[in-house]
Amino acid sequence: MNSEHPSPDFILRPTRLEDIEPYTLFLSNPEVTIWLDDFFQKPITRVQVEGLFHQDSWCRWAIECENKFVGLTALTDPDLSRGIARFFIVIGETSLWGQNLGTNILREVLKLGFNSMGLRKINSDYLEPNIASEKIHEQNGFKIEGTLRKDCWRQGKWVNRKLLSLLREEYNAS
Ligand SMILES: CC(C)(COP(=O)(O)OP(=O)(O)OC[C@H]1O[C@@H](n2cnc3c(N)ncnc32)[C@H](O)[C@@H]1OP(=O)(O)O)[C@@H](O)C(=O)NCCC(=O)NCCS
């Protein structure tokens, strides 16, 4: 954990239409999008972001620090018959990176997923080497399930995708 800075306070709240503009701006920063899925590697228009915001098939929260929208987190791809969803996070405000915010947000989403929504398993994944993403999962007890080898083209080469999950019993035991 980075102890030079106290971790920023945050709230998770429902998304609002006024979040679309700053989120579009965040997604125009390659530093933010480089380890996201292929869809985010091309310029994303405001209309496309609006489309993402209007999808009702996933549970998402705006991340707010000091009354400012700084990113999105979500439990996507829910399969409620199996009690499973997939974690997703983008902190678009890069000045907030490395202060334990991502780790704490993931902790809060796990609490919501397991305790409030009754999920049994939360899946996630990251492209190698997304070290920050690797760390936030590690710090929250996720286990590696496997590797999709040479899954995506990034920075001039094929990179692996790590698949992870956390089970409710592991979460409760931590
Ligand atoms: C991934 C993300 C959510 C992490 O958020 P964060 O607030 O920076 O995370 P934290 O500060 O809790 O933890 C990050 C850890 O990785 C470390 N880290 C970050 N980049 C690193 C790098 N390039 N090399 C080594 N360590 C690195 C930090 O020092 C920190 O380690 P520590 O806890 O031991 O100090 C954020 O970087 C982000 O939104 N990135 C863009 C979108 C993205 O990649 N989302 C994930 C898709 S799977």
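Observations
- Enumeration of residues in segment 144-174 that are more than 16 Å from the ligand (Cβ to nearest atom) and at pLDDT 95 or above: 149, 150, 153, 156, 157, 158, 167, 168, 169, 170, 171
- Members of segment 99-143 found to be modelled with pLDDT under 95 and under 14 Å from residue 162 (Cα atoms), listed by number: 129
- Selection within segment 96-116 - closer than 22 Å to residue 16 by Cβ and either without any contact (Cβ under 8 Å) to a residue 24 or more places away in the chain or of a type in the set (D, E, K, R) (or both): 108, 116
- In segment 3-40, the residues that are in a loop (DSSP other than H, G, I, E, B) and more than 14 Å from the ligand (Cβ to nearest atom): 14, 15, 16
- Residue check, residue 86 touching a helix residue (DSSP H, G or I) at 6+ places or on another chain (Cβ under 8 Å) and of a type in the set (Lys, Arg): no
Conditions tested, residue by residue: (1) in contact (Cβ under 8 Å) with a residue 40 or more places away in the chain; (2) not basic (Lys, Arg).
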site	(1), (2)
36	yes, yes
48	no, yes
52	no, yes
86	no, no
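- If the condition is being over 21 Å from residue 74 (Cα atoms) and either surrounded by 13 or more Cβ atoms within 10 Å (Cβ to Cβ) or of a type in the set (Asp, Glu) (or both), then segment 129-146 contributes only 129.
- Number of residues in segment 54-80 that are over 13 Å from the mean Cα position of the chain (by Cα) and either buried (at least 16 other Cβ atoms within 10 Å of the Cβ) or modelled with pLDDT of 95 or more (or both): the value is 7.
- Residue in segment 115-133 that is within 7 Å of the ligand (Cβ to nearest atom), in contact with a Phe, Trp or Tyr (Cβ under 9 Å, 6 or more places away or on another chain) and within 17 Å of residue 8 (Cα to Cα) present: yes
- Here is the figure for segment 131-174: residues that are more than 23 Å from residue 111 (Cβ to Cβ) and outside any helix (DSSP H, G or I) total 17.
- Residue match in segment 44-66 (condition: under 18 Å from residue 137 (Cβ atoms) and aliphatic (A, V, I, L, M)): yes
- Against the numbered list (1) more than 14 Å from the chain's Cα centre (by Cα); (2) crowded, with 19+ Cβ neighbours inside 10 Å; (3) aliphatic (A, V, I, L, M), residue 109 comes up short only at (1).
The values are calculated or read from the model by the stated rules, or taken from the named source; none is laboratory data. If you're wondering where the values come from, they're calculated on a predicted model, not measured in any experiment. Methodologically, a virtual Cβ is constructed for each residue, glycine included, from the backbone with ideal geometry; neighbour enumeration extends over all protein chains shown.
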